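Structure first, commentary second.
Coordinate-derived values only; no laboratory data. Keep in mind that what you see is a predicted model, and the values were worked out from it rather than measured. All Cβ positions, even for glycine, are placed from backbone atoms using ideal geometry, and neighbour counts span all protein chains on display.
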Amino acid sequence: MTIDLAQFLPTFLEESYEGLETMETGLLNLQSSEDDSIHSIFRAAHSIKGGAGTFGFTQVTNFTHLVETLLDEMRDGRRDIIQSDIEILLQSVDCIRLLIEADRNESVCEDESINNVQILLNESLKSANTQTINESEDTNDSKSTNQQSWLIDFIPQPHLVQTGNDPIFLFNALADLGELRIICNTSELPVFSDIEPKELYLKWQIQLSTLSSTEKDIREVFEWVEDECILDITLLGTEAAVDKEQDLKSAPVASEPALDIKAAKEETTRTSLTDNDKPQTSAKTKPDVGSIRVGVDKVDILINLVGELVITQSMLSELGNDFDLSKLEKLTSGLDQLLQNTKELQESVMRIRMLPISFAFNRFPRLIHDLSIKTGKEIELVIKGEQTELDKTVMEQIGDPLVHLVRNAVDHGIESKEVRIANGKSPKGKISLDAYHMGGSIVIEINDDGGGINRQAVLNKAIEKGVVEPNSTLTDSQVFDLIFEPGFSTANEVTDISGRGVGMDVVKKNIQSLGGRIQVASEPGKGSSFKVNLPLTLAILDGQLVRVGTEVYIIPLISIVESLQTKTDLINRVSGNMLLYRLREDNVPVLPIYQLFNLEADNIEIDNSLLVVVESDGQKVGLMVDDLLAQQQVVIKSLKDNYQQVDGISGATILGDGSVAMILDIPGMISMALAQAQVAQKTAHNNIEEVV
Amino acid sequence: MDIQALAKDVPAQGEQSLEGIDFITNGEQYLTFMLGTEQFAINILCVEEIRSWEQPTRIPNAPIHVKGVINMRGVIVPIIDLRIKFEVGENTYLPSTVVIILTIEVEHDSKVIGFVVDAVSDVLNAEESDIKKSPAFGGSIPPEFIAGLVNLENSVVTLLNAEALHKIEKHQPNGGNKS
């Protein structure tokens, strides 16, 4: 009766990581042993240990056991909760995370931090023992009084093994209750030639010394075999245990040596490991798809909507059975209903992918805690709007940029205690994280009440780096945007938290790759504010369908500035056949899609053609198309799944008629055009050299 | 009772399907198809479905043998013309032209790719011992795609290596640009 445990592994991992998060948040809030959170921390550690044991994650089990012991002492009030212990426990949480990862890959975790923390844990445990020596003696006394000895006569019926039960499992289960002595009685064993391989001829006498187990616990072990054996459980006294033990030893029935339960146990674990090997490797080859926990209410809404959809569908199909023009009105109202249903259904399905942003915010209390120790600054973290929901994919990718922004706020934003007091501020710095919905996007604000961005320092640095002309006049927001330039840092000294100048540009790039944007505001002496705007979801996009030749492409509506019919007198050919279109004050370079994608288009002349002006990263370009079609929401499908990334294309979608259309990647197209232009310039350059 | 009658039916069906399995156990089964006048074969377990040719949506700047992508029940599937890639036969698209959709396992992932061929012919049973090594006398097909040769009456069938086929589109990433 082997169960393939591998199928439960993802659940275990997920729950363990959740448990670790619970521990982390609990530890950060932990003040006293009366606090409820110590119980939830202990429970989380305990279930991680239990689960790890089931899956043979021995490194995790061993390590978590230490943590659990420490927590247990805190929980029972045998140990005062002191900051240093919490520090150790927080580090242990990190270690357990590493160990789970290591055990999962069946490797030995060699990170030295684990040994260090293990030593700290042991020291902490020892020190407590010496401090509360009386107490521990007390507990020892009570333990010895609880010590009980049980004598179990286990006489299985010959067909026991045929029902799929193996006595070794029972003994292993008993071994968990306490110390075991097992004596096997082989007197019934027939001569070898008469042995029926399916029959069990052995009887056992088991002596169990246990601390707390009752007869009920023991009976529970034998629950499955109750009907197939004669079971006799008698309680022996504590003192009698020793005598009886000797009785047993000298008993003439014990012709076979006592089973070494430990050796047997090892053997079974080994065999079970080899059993597990196969399913585990097969599970590994599967991609890590991840999972989402969905509230039942969300699923219920979906079911209701699907019900409505089915009703609408049946109404429409009935209408279609014998349709004449008199029913036209009914048809249009039915189609309206269908539209409504699909829209609602789509929204609810999207909502399943939505998670509260607290998943991304959860790590910050710990981060601030660690950073404030490292920097010696006192910082208070205020989190608002944790329940704001966000698409899971966006959430996963926004985590790192947010961490970076918060680290920056701690390192550059908040001043040291002395400076704050000198400036008449409270010595405790404040960082607030705020998330809320605005229109079709989500806004995350990171505010600090630190020194603000030094405008002049940024400007000087920019001039020094040659990003800005020395005499140019820039607005505040233009200056602050400079901090997103690559290699830009105004920190006077590089710390291990930040200041290397890598980061802000990456932050901006990451946010932009999610289709979002970031804004900075800052006031000297009062603090800075970073505002991150993100789309709610990545799976659906509002698009403008355009036609080029025979192909239909989709331009993301968000990047379109305007669409227009070109006027001949506004077209300029400059600096060597570069096409520019005069759009009010701007000169917009024209990008013919057919040239970029090697297509045949109806219209290859710019005169009187249709131009869709799009903007990306502040750069406007005009895309030349043959026709503007409908605007609609499209579901984004990846080309990478079965093919590969294609330049200038961000994905594909399926149109109403079942055909596939490509979604244009505007930044990608611009860089493609730039690359093509460079190639052209190079050949031109080479030609010049040849002429010379 | 009805249930008992049903219960009797079930093993009978099982036996039938067992008979079917019986000949599968003698080696692997391969789907044979034509490219021009040559016969090729692919492990039948990889074959997802066979569908008729339809004009796919073109991928910008794709190599010439990548015809584009189609929508197969919501999945975007690239279509590759094996005749162009292998330089066998002519790349004309007739009503008899078919697309074999294969599911190819790649390390941690599986890819669904469609291949244009002239016609699908038969299912071929081949044991390990029937598969002979292909002599390296410079055909137009790169050797990594060929798993071996199988004799079929008087003709020879080229067995293709399904696992290698997913790399096919990566061979000339900019092939289309030069045209």
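All other residues with a Cβ under 14 Å from the Cβ of residue A:435 taken together, and with Lys, Arg as +1 and Asp, Glu as -1, what is their net charge?
Net charge in that neighbourhood comes out at -3.
At a 10 Å Cβ-Cβ cut-off, how would you order A:183, A:444, A:303, fewest neighbours first?
Ranking A:183, A:444, A:303 by Cβ neighbours within 10 Å, fewest first, gives A:303, A:183, A:444.
Could you line up A:85, A:481 from fewest to most neighbouring Cβ atoms inside 10 Å?
Arranged by neighbour count, lowest to highest, A:85, A:481 become A:481, A:85.
At a 10 Å Cβ-Cβ cut-off, how would you order A:475, A:186, B:103, fewest neighbours first?
Sorted ascending by nearby Cβ count, the order is A:475, A:186, B:103.
In peptide A:543-552, how many Cβ atoms from other protein chains are near each Cβ within 10 Å, on average?
Mean partner shielding for this stretch: 1.
Residues with amide H under 5 Å of residue B:124's amide H, sequence separation 5 or more or different chain, H placed in the peptide plane at 1.01 Å from N; which?
Here the answer is B:30, B:31, B:32, since their amide H atoms fall under 5 Å of that of residue B:124.
In sequence order, what are the phi-derived ³J(HN,Hα) couplings for region B:120-125 according to the Karplus relation 6.51 cos²θ - 1.76 cosθ + 1.60 with θ = phi - 60°, rounded to whole Hz, with x for glycine and proline?
9, 9, 7, 9, 10, 9
Can you list residues from other chains, or at least 5 along the same chain, whose modelled amide H is less than 5 Å from the amide H of residue B:39?
Residues meeting the criterion, in which the H sits 1.01 Å from N, are B:158.
Mind ranking A:160-166, B:146-152 by how tightly packed they are, going by the mean number of other C-beta atoms within 10 angstrom, highest first?
In descending order of packing, they fall as B:146-152, A:160-166.
What is the sum of charges, Lys and Arg at +1 and Asp and Glu at -1, for the other residues whose Cβ falls under 13 Å from the Cβ of residue A:654?
+1
By the scheme Lys and Arg +1, Asp and Glu -1, what is the net charge of all other residues having a beta-carbon under 12 Å from that of residue A:529?
Residues close to residue A:529 contribute a combined charge of -3.
Go through A:508/A:637; A:298/A:637; A:620/B:167; B:85/B:133 and tell me which ones have a Cα-Cα distance over 28 Å in this structure.
A:620/B:167
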